[in-house]
Amino acid sequence: MSDTVTPHQQANLARKALKLEKTRQEILQSEGQHALDMILGSSSPATLIQSFPEQDLYYLMHKVGIHDFTPVLARASSQQWEYILDVEVWDDDRL
């Protein structure tokens, strides 16, 4: 079995990436509850959530509200969690 990606597969990947980017931008521009509804109502919430840059996910967390954002955080990647914890816990050079 070959690991070579065909031009058709590359085009599909590019379309999916573009769709994710567009969806992320729409979510970032939406009001808090609507943004949350868009994320959780997507066909693949975990894929969408894990595609967000860490800074954007952190921004959304505060835009939506930490308590309401729990279902999103449950699907976040370990890298996203690490960023959020670093930003929330560290104060300059102190815990």
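Please treat every number below as a calculation from the coordinates, not as lab data. The model shown is predicted, which means the values in this text are computed figures rather than measured ones. With ideal geometry, Cβ positions are generated from the backbone for all residues, glycine too; neighbour counts draw on all protein chains shown.
Between Glu26 and Trp90, take the C-beta separation as r, use R0 = 30 Å, and let me know the FRET efficiency to the nearest 0.05. Walk me through the intermediate numbers first.
Working: r = 31 Å, r/R0 = 1.04.
Computed FRET efficiency for Glu26 and Trp90 comes out at 0.45.
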Only helices counted: for the chain, with every DSSP H run of 4 or more residues adding -39500 (n - 2.57) and the sum spread over all residues, [θ] at 222 nm is -21000 deg cm²/dmol
Net +/- balance of residues flanking Trp81 in space, Cβ distance below 13 Å, scoring K and R +1, D and E -1 = -3
Kirkwood Rh and Cα Rg combined as Rg over Rh, evaluated for the chain | 1.08
At 0.36 nm per residue, minus the direct Cα-Cα distance, what do Asp37 and Tyr59 gain on full extension? Give it in nm, one decimal, please.
-> 6.3 nm
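Where in the range 1-74 are there GluC sites (Glu not before Pro) that are in a DSSP coil and have at most 12 other Cβ atoms within 10 angstrom of their Cβ? Mind showing how you got there, number by number?
Working: sites: Glu21, Glu26, Glu31, Glu54; in loops: Glu31.
When the GluC sites (Glu not before Pro) of the range 1-74 are filtered for loop state and at most 12 Cβ neighbours within 10 Å, Glu31 remain.
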Once both label points are put 7 Å beyond Cα along the C-beta direction, the Thr47-Ala11 separation in nm becomes 1.9
Say the dipole of the chain comes from +1 at the beta carbon of Lys and Arg and -1 at that of Asp and Glu; which of Gln80, Gln29, Gln55 then lies farthest toward its positive end?
-> Gln29
Work out the length of the dipole vector of the chain about its Cα centre, built from +1 on the beta-carbon of each Lys and Arg and -1 on the beta-carbon of each Asp and Glu, and round it to the nearest 20 debye.
-> 620
Averaged over all directions, how much area does the convex hull of the C-alpha atoms of the range 40-95 cover when projected, in nm²?
-> 4.0
Under 14 Å from the Cβ of Glu31, count the other residues' Cβ atoms, weight Lys and Arg +1, Asp and Glu -1, and hand me the total.
-> -2
For Leu18 and Trp81 in the same chain, what is the full-extension length gain: residue separation times 0.36 nm, less their Cα-Cα distance, in nm?
-> 20.2 nm
